[in-house]
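For reference, the structure is listed below as structure tokens.
The values are calculated or read from the model by the stated rules, or taken from the named source; none is laboratory data. In this text, all values refer to a predicted model and were calculated from it rather than measured experimentally. Heads up, the Cβs are rebuilt from the backbone with ideal geometry, glycines too, and the neighbour counts pull from every protein chain shown. Note: areas computed on protein heavy atoms with side chains; ligands, DNA, RNA excluded. Shrake-Rupley method; radii C 1.70, N 1.55, O 1.52, S 1.80 Å.
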Amino acid sequence: MNDYRQLIEKAAKARNFAYTPYSHYKVGAALLAKNGNVYTGCNIENSTHTPTVCAERTAIFKAVSEGVKEFEAIAIVGGKEGEISPFCAPCGVCRQVMAEFCDPSSFKIVLGNPLGNPDKFEVYLLRDVLPYAFTPKNLE
Ligand code: THU
């Protein structure tokens with residue numbers, strides 16, 4: 001789908017801003033909101049390690065901090081400095097943050113390498129990458 005290709009390209013651009021003096025692993029994310037807005041994010045590391053934030057959470061928190069909480073999909077592009085992995089899966093913490101806001105049976109996680117074949121990407125549903133999630137529904 002062409003839209004996903006564009007989302008991957010936006011994630012790749014955001015990756016250029018990744019601040020990674022420690023891991024040298026750079027990640028970019030592009031989050032498509034239901035209202036059509038796209039929020040980008042990169043990973044931002046810290047010399048004390050714990051405050052490091054992933055690209056996906058940067059993008060989600062940017063959106064939520066602007067009042068947007070309904071999302072369709074997120075594209076993720078990552079890899080060691082100077083290369084891009086074809087498969088940069090989101091970490092468990094980011095999956096949990098997605099589960100807070102996104103519908104598990106329709107929210108899509110799009111993984112691809114725009115420097116390889118830009119039309120080749122994988123699409124996963126949140127429910128498949130985070131089964132049996134603890135969500136706001138548990139507290140109802
Ligand atoms: N990272 C992300 O930004 N997203 C992921 O889904 C996986 C890991 C970042 C965190 C850290 O800055 C670096 O990649 C290496 O773990």
### Percent of Cα-Cα distances greater than 16 Å, calculated over the range 11-67
40
### Message
Past the 13 angstrom mark, what percentage of all C-alpha to C-alpha distances in the range 52-113 do you count?
### Response
64
### Query
Counting alpha carbon pairs within less than 8 Å and at least 6 residues apart, what relative contact order, in whole percent, applies to the chain?
21
### Summary
Restricting to Cα pairs under 8 Å and 6 or more apart, the percent relative contact order of the range 91-140 works out to 41
### Query
Placing +1 at every Lys and Arg Cβ and -1 at every Asp and Glu Cβ, with all other atoms neutral, what dipole size does the range 13-140 have around its Cα centre, in debye to the nearest 20?
100
### Summary
In deg cm²/dmol, rounded to the nearest 500, the helical mean residue ellipticity at 222 nm of the chain, built from -39500 (n - 2.57) for every DSSP H run of length 4 or more, is -8000 deg cm²/dmol
#### Entry: Per residue value of the accessible surface for the range 33-110 (all protein chains in place, 1.4 Å probe), Å²
47
## Note on the structure
When the chain is treated as a Gaussian network with springs between alpha carbons less than 10 Å apart, the largest mean-square fluctuation among Pro118, Pro21, Pro90 is found at Pro21
#### Entry: Most fluctuating residue given options Asp128, Asp119, Asp103, as computed from a GNM of the chain linking Cα atoms under 10 Å
Asp128
## Note on the structure
In a Gaussian network model of the chain with springs linking alpha carbons closer than 10 Å, the residue among Lys108, Lys69, Lys13 that fluctuates most is Lys69
### Message
Give me the net charge for the shell around Gly36: Cβ to Cβ below 12 angstrom, other residues only, Lys and Arg +1, Asp and Glu -1.
### Response
-2
### Accessible surface of the chain [probe 1.4 Å, protein heavy atoms]: carbon and sulfur percent
53
### Query
Semi-axes of the equivalent ellipsoid of the chain: what are they in whole Å, largest first, if each equals the square root of 5 times a C-alpha gyration tensor eigenvalue?
22, 18, 14
### Message
Please give me, ordered by residue number, the chymotrypsin sites (Phe, Trp or Tyr not before Pro) of the range 1-104 that lie in loop per DSSP and have at most 14 other Cβ atoms within 10 Å.
### Response
Tyr22, Phe87
